[in-house]
Amino acid sequence: MKNPQEHLIELAHYKMPFGKYKGQYLVDIPEAYYVWFRQKGFPEGKLGRLLTEMHEIKVNGLEPIIRKVQREYFKPNDS
């Protein structure tokens, strides 16, 4: 299990693995997409949890925090 800081770094650098927004950071995906997913049901598993969290971040206007994490912390697999 990751500590909260590691989890936030992962969330900030996670990219959508499929669909119209494939390859884009979750924070860069429009809020309307998250609203649609919420109505239809988020996928199960890790992706669903991350999408749910990002939806809450967007609804509450907290994207600047995620963007700051992107700038200041490298993704664990980046060098």
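Applying the criterion of being of a type in the set (S, T, N, Q) and under 18 Å from residue 66 (Cβ atoms) to the residues of the range 1-50, the residue that is farthest from the chain's Cα centre (by Cα) is 3.
Look at the range 1-23 and say how many of its residues are surrounded by 14 or more Cβ atoms within 10 Å (Cβ to Cβ) and not in a helix (DSSP H, G or I).
As a first pass, look at the range 1-23 and keep what is surrounded by 14 or more Cβ atoms within 10 Å (Cβ to Cβ): 7-14, 16, 21.
Add one more test, that the residue is not in a helix (DSSP H, G or I), and what stays is 14, 16, 21.
Number of matching residues: 3.
Yes or no: residue 70 touching a residue at least 24 places away in the same chain (Cβ under 8 Å) and among the polar types (S, T, N, Q)? Yes; evaluated as a whole, the condition is true for this residue. Restricting to the range 24-62, name every residue that is surrounded by 10 or more Cβ atoms within 10 Å (Cβ to Cβ), part of a helix (DSSP H, G or I) and of a type in the set (S, T, N, Q). Within the range 24-62, just 52 meets the criteria.
Against the condition more than 14 Å from the chain's Cα centre (by Cα) and surrounded by 13 or more Cβ atoms within 10 Å (Cβ to Cβ), how does residue 73 come out, does it pass? For residue 73, the condition - more than 14 Å from the chain's Cα centre (by Cα) and surrounded by 13 or more Cβ atoms within 10 Å (Cβ to Cβ) - is met. Residues in the range 26-69 that are in contact with a Phe, Trp or Tyr (Cβ under 7 Å, 6 or more places away or on another chain) and under 23 Å from residue 4 (Cβ atoms): 26, 29, 48, 50, 51, 52, 54, 55, 58.
None of the figures in this text is laboratory data; all of them are computed from the coordinates on show. Keep in mind the model is a prediction, meaning the values are calculated, not measured. Backbone-built Cβ (ideal geometry, glycine too); neighbour counts: all protein chains shown.
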